[in-house]
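Read the structure below first, then the notes.
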Amino acid sequence: MRSHRHAACDWLSVHPLLCFRARKGWPLKRFMRSRMGRKFRIVSVTHFFPSRRGGIELVAAAINRRLAERGHEVAWFASADAETPGPDGGLSYHPMQNCGLVERLTGLPLPIWIGRGIPALWSAIRDCDAVHIHDFIYPGSLLALAFARVHGKTTVLTQHIGEIPYNSKVLSATLSAVNRTVGSLALRCASRVVFISNVVQAYFCSKIAFPRAPLYLPNGVNTQLFHPVPASERMLIRARLGIPENAPVCLFVGRMVEKKGLHLLLPLVSRLPAIHWIFVGQGPLRSELAPSSNVRIFDGLAHADLADLYRAADLLVLPSRGEGFPLVVQEAFACGLPALVSDETAAGCEAGRPLLFELSVTAPDTVEQWQRRLADLTADRAVLEARRGAVAEFAGQAWSWDHAVDVYTELYQGCVE
């Protein structure tokens, strides 16, 4: 007989819950509205706003904007920065004053919220219908979860990352302990838990007996922005960027931090000088990269410009660990760009795994293995060219933001009613 723990980890088709939960101060007419026409007041919580250009923030932005377009009211709370957007229809932004001491000491982006924004968060959660939190590990997420519990509010927790095997044994052990303790409590306290990656779901399901079955729901991708173009247009993009027409181009997109595998890519740049390397992102390891004849570095690109880089490149290279299934892989696929990723990242999307090139990032000869695989793939670019159509088709069929928002709306609705 299967254990409760494993039963809770099965795929669950999303259906509205047939439950009624009376709340003080809620007029009866709110429960008589059409299920399809119900509009919600949602508090969204992330550690940063999209100006930070992290995957979690971009995912939240895609969800929040679509919710607002459908008539829901979304109050987005995240750490303050110089580029906090202004109100946009039903989507409002609430920057939180924060202390970045943890990031300065360890490099981990764990802002601690302080100041007058905390009472505002308390009030917003008190008055909302549902709270949507992205990743439990951030102090602001835990604060919002606690406030939601006090007020008896529905909480949907989307968990993006699981175990991160840092080079530092102390950091790895600390994160593992946090996942077993704080993470277990947070995930069991949420009304519903959503995983965007198969591997992250399997990791937590092996450790936690969920009171309600979690969902696997992959992120969507904006195919109106990220889509393939004809080969002739790709060559025009290359010419505009100053990339030789016949040069093999490998692209890295992401924060330049340890878990993204920068330590592996840095020696490959010098070992494979025939490859034209493009790096997009910022972070503490950026100083270890220097522009050269075969290295270009970009930062702060608009999405349209990033889409052109996906189209111009021959291969996305992302030897990352501990981040579920990165949004950049989905964007690359949508533009028709094949990807070489770690085996752990490939396991994050079992349906798309046959279309990914994958390698281990833990073998003793990891650098040599990646060097050989990159040399082989870029030597015969016909293999990469042949895969472009298949990855674009898969992205268009498998990853939809509209579907994701449909599911999240059902979750808010089912739990509230």
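The values are calculated or read from the model by the stated rules, or taken from the named source; none is laboratory data. All values reported here derive from a predicted model rather than from experimental measurement. We place every Cβ from the backbone using ideal geometry, glycine too, and count neighbours over all the protein chains shown.
If I go through the range 174-204 residue by residue, how many of them are assigned to a helix (DSSP H, G or I), surrounded by 19 or more Cβ atoms within 10 Å (Cβ to Cβ) and among the hydrophobic types (A, V, I, L, M, F, W, C)?
The qualifying residues number 6.
Go through (1) farther than 18 Å from residue 219 by Cβ; (2) among the charged types (D, E, K, R); (3) under 16 Å from the mean Cα position of the chain (by Cα) for residue 331 and report which single condition fails.
It is condition (1) that residue 331 fails.
Looking at the range 123-153, which of its residues are among the basic types (Lys, Arg) and either part of a loop (DSSP other than H, G, I, E, B) or outside the structural domain of residue 96 (by TED's automatic domain parsing) (or both)?
Passing the criteria: only 153.
Among 331, 368, 358, 350, which is the only one that is crowded, with 24+ Cβ neighbours inside 10 Å and either of a type in the set (D, E, K, R) or in a helix (DSSP H, G or I) (or both)?
331
Would you please list the contacts, defined by Cβ atoms under 6 Å and residues six or more apart or on different chains, that run from a residue in the range 258-276 that is assigned by TED's automatic domain parsing to the domain that holds residue 172 to a residue that is modelled with pLDDT under 90 and of a type outside the set (Lys, Arg)?
Cβ pairs passing all conditions: none.
Output yes when any residue across the range 129-138 is in contact with an Asp or Glu (Cβ under 7 Å, 6 or more places away or on another chain), under 27 Å from residue 320 (Cα atoms) and either of a type outside the set (Val, Ile, Thr) or surrounded by 14 or more Cβ atoms within 10 Å (Cβ to Cβ) (or both), and no when none is.
No: the range 129-138 contains no residue that is in contact with an Asp or Glu (Cβ under 7 Å, 6 or more places away or on another chain), under 27 Å from residue 320 (Cα atoms) and either of a type outside the set (Val, Ile, Thr) or surrounded by 14 or more Cβ atoms within 10 Å (Cβ to Cβ) (or both).
Are any of the residues in the range 245-254 of a type in the set (A, V, I, L, M) and either in contact with a Leu (Cβ under 6 Å, 6 or more places away or on another chain) or not assigned by TED's automatic domain parsing to the domain that holds residue 342 (or both)?
yes
List the strands (runs of 3 or more DSSP E) inside the range 247-303, counting only whole elements, that have at least 1 residues being charged (D, E, K, R).
Passing ranges, in order: 295-298.
With respect to residue 317, determine if the residue is part of a strand (DSSP E or B) and either in contact (Cβ under 8 Å) with a residue 40 or more places away in the chain or within 23 Å of residue 218 (Cα to Cα) (or both).
Yes: the conditions hold for residue 317.
Checking the structure you have, find out if any residue of the range 55-76 is touching a Pro at 6+ places or on another chain (Cβ under 8 Å), aromatic (Phe, Trp, Tyr) and farther than 17 Å from residue 402 by Cα.
no
For the range 263-304, give me each residue that is out of contact with any Pro (no Cβ under 8 Å at 6 or more places or on another chain), among the hydrophobic types (A, V, I, L, M, F, W, C), modelled with pLDDT of 90 or more and surrounded by 13 or more Cβ atoms within 10 Å (Cβ to Cβ).
266, 268, 269, 272, 277, 278, 279, 280, 295, 298
Checking the structure you have, find out if any residue of the range 96-117 is at pLDDT 95 or above, surrounded by fewer than 18 Cβ atoms within 10 Å (Cβ to Cβ), in the same structural domain as residue 211 (by TED's automatic domain parsing) and not in a loop (DSSP other than H, G, I, E, B).
No, the range 96-117 has no match at all.
Are there any pairs, at least 6 apart or on different chains, whose C-beta atoms fall under 8 Å, with the first in the range 154-169 and part of a strand (DSSP E or B) and the second at pLDDT below 80, and if so, which?
Short answer, once both residue conditions are applied: 154/415; 154/416; 156/415.
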